[in-house]
Amino acid sequence: MALILNDVLDRYFEARAAEGMKSILDAKTRAAFHIRPKLGSSKVADLSIEKIRAWRDGMVSAQKRLRTGKFAKKANVVTVDLSDPETIRRRRDSANRTLTTLKAALNWAFNNRLVTDDAAWRLVKPYRGTTAARVRFLSPAEQKALIAASNGAIRDLVSAALVTGARFGELARLRVSDYDTANKSIFIAESKSGKPRHVPLPAGGAELFERLARDRLGGDPLLRQESGVAWAPSTYNRPWKALLARAKLSDVTLHEIRHTYASTMVRNGAPLIVIAEALGHSDTRMAEKHYAHLAPSYVADTIRRLAPDI
């Protein structure tokens, strides 16, 4: 019986879940939106280099899908500007990530001897040059504007991100018991790298979490929406965009607050190993890539002190 790609994906995700794959939700989402609709019903034996490459390229040129009502008769889409180099870069970067998910599932099938030939997907390479040229950091003035324009639950979420550098998912999963009153820190049990960590808090951060945890049960979500339930990826976009409008900021993502946390510490002299530990990275490579140029440098300090001036 011919092996269907949807079956491979199902078995792959089942196996990886049993192994404790940390990024399985993102991989499943990419499969559901980009792989299964176009390739899912295909026989693995029928996948060719040309077919996979055309699918990869189609993700770059396709219209952008927006959130669509549950009972809508057609998808809510918007045309994107494919003449914009940054738009192309971002779409190619996203296509690369989805291609990685597809290849991982098919390589799993090949390594488990479910298929005998891996040439079709092995020879389709990801786009090159998709890494962002720079990482966006909020200036001190932008940070103040963001906090000043916020209130209620979204203010707590933004403030928590600023004092911890945690990812949105990490913040959304925090429970009251994860705040350590004695040591003024929070415990992040589940992170993208799979490495749990304790994040010490500055004085203002400790006051924030003291307030959030006060008189509440240990299993309650530490950060909540106005309704009292925990945040979810689909619930913060609207209040976040409204906040950006009030603060007169544009093109800022919640994840860039994480970069702001790290860049502020680097500029104040924190070693990169400390930054990596605080962010939950397994080593200093990502910190070096994004933040090393911000660190006080002996070479730069010497040149500025000794070079001729005008």
Quick one: how many Å² of L162 are accessible to a 1.4 Å probe, rounded to 10? 40
Going toward the positive end of the dipole of the chain, with +1 on Lys and Arg Cβ and -1 on Asp and Glu Cβ, which of T130, G205, L294 do you reach last? T130
Using the Cα centre of segment 197-283 as origin and beta-carbon charges of +1 (Lys, Arg) and -1 (Asp, Glu), tell me which of A278, L223, A245 is placed farthest towards the positive end of the dipole. A245
Relative to the chain, whose Cα atoms define the longest principal axis, helix 203-213 and its Cα axis are tilted in degrees, nearest 10, by 60
Volume of the Cα convex hull of the chain, divided per residue and given in Å³: 207
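Could you pull out the trypsin sites (Lys or Arg not before Pro) across segment 225-269 that fall in loop regions by DSSP (anything but H, G, I, E, B) with no more than 10 other Cβ atoms inside 10 Å? Spell out each step's value before the answer.
Working: sites: K241, R246, K248, R258, R267; in loops: K248.
Hits after loop and neighbour filter: K248.
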Using heavy-atom solvent-accessible surface (probe 1.4 Å) with all chains present, what is the largest-first order of V229, V124? V229, V124
Nearest 10 degrees is fine. How inclined is helix 85-111 to the longest principal axis of the chain, computing both from alpha carbons? 60
Specify which residue in the list L146, A119, A15 is farthest towards the positive end of the charge dipole of the chain, using unit charges on the beta carbon of Lys, Arg (+1) and Asp, Glu (-1), about the Cα centre. A119
Can you sort L223, L217 by solvent-accessible area, 1.4 Å probe, largest first? L217, L223
Dipole magnitude of segment 232-292 about its Cα centre (Cβ charges: Lys, Arg +1; Asp, Glu -1), debye to nearest 20: 360
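Between exposed GluC sites (Glu not before Pro) in the chain, where DSSP calls loop and at most 15 other Cβ atoms lie within 10 Å, what's the longest gap?
On the way: sites that count: E19, E190, E226.
No qualifying site falls inside 20-189, the longest such stretch.
So what's the back-of-envelope 222 nm ellipticity for the chain, counting only DSSP H runs of four-plus at -39500 (n - 2.57) apiece and dividing by all residues, rounded to 500? It would help to have the intermediate numbers written out before the result.
Details: 15 runs with 156 residues, N = 310.
Calculated at 222 nm, the ellipticity per residue is -15000 deg cm²/dmol.
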Everything considered on the Cα gyration tensor (a ≥ b ≥ c; rounded for a/c under 1.5, else prolate if a/b is larger than b/c, else oblate), segment 142-198 must be described as prolate
With a 1.4 Å probe and all protein chains kept in place, how much accessible area does Y127 have, in Å² rounded to the nearest 10? 40
Is there a pair in K144/K195; K103/K125; K28/K192; K43/K103 whose C-alpha atoms are over 20 Å apart, and which pairs would that be? K144/K195
With a 1.4 Å probe and all protein chains left in place, how much of the accessible area of the chain comes from carbon and sulfur atoms, in whole percent? 53
Within straight-line cross-link reach of K248, aspartates and glutamates at Cα separation under 13 Å, skipping those fewer than 8 residues along the same chain: E142
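How big is the dipole moment of the chain about its Cα centre under a simple scheme where the beta carbon of each Lys and Arg is +1, that of each Asp and Glu is -1, and everything else is neutral? Debye, nearest 20, please. Intermediate results must be reported in sequence, preceding the final value.
Working: 52 positive and 32 negative charges, 190 e Å.
Dipole magnitude for the chain comes out near 920 debye.
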Rounded to the nearest 10 Å², the accessible area of L272 using a 1.4 Å probe with every protein chain kept is 40
Given an 8 Å cut-off on Cα distances and at least 6 residues of separation, report the relative contact order of the chain as a percent. 16
Heavy-atom accessible area with a 1.4 angstrom probe orders T98, T284, T79, most exposed first, as T79, T284, T98
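The values are calculated or read from the model by the stated rules, or taken from the named source; none is laboratory data. On a predicted model such as this, the values are computed, not experimentally measured, just so you know. Here Cβ is always computed from backbone atoms with ideal geometry, including for glycine, and neighbour counts include all displayed protein chains. These area figures cover heavy atoms from the full protein model, side chains too; ligands, DNA and RNA do not enter into them. Shrake-Rupley method; radii C 1.70, N 1.55, O 1.52, S 1.80 Å.
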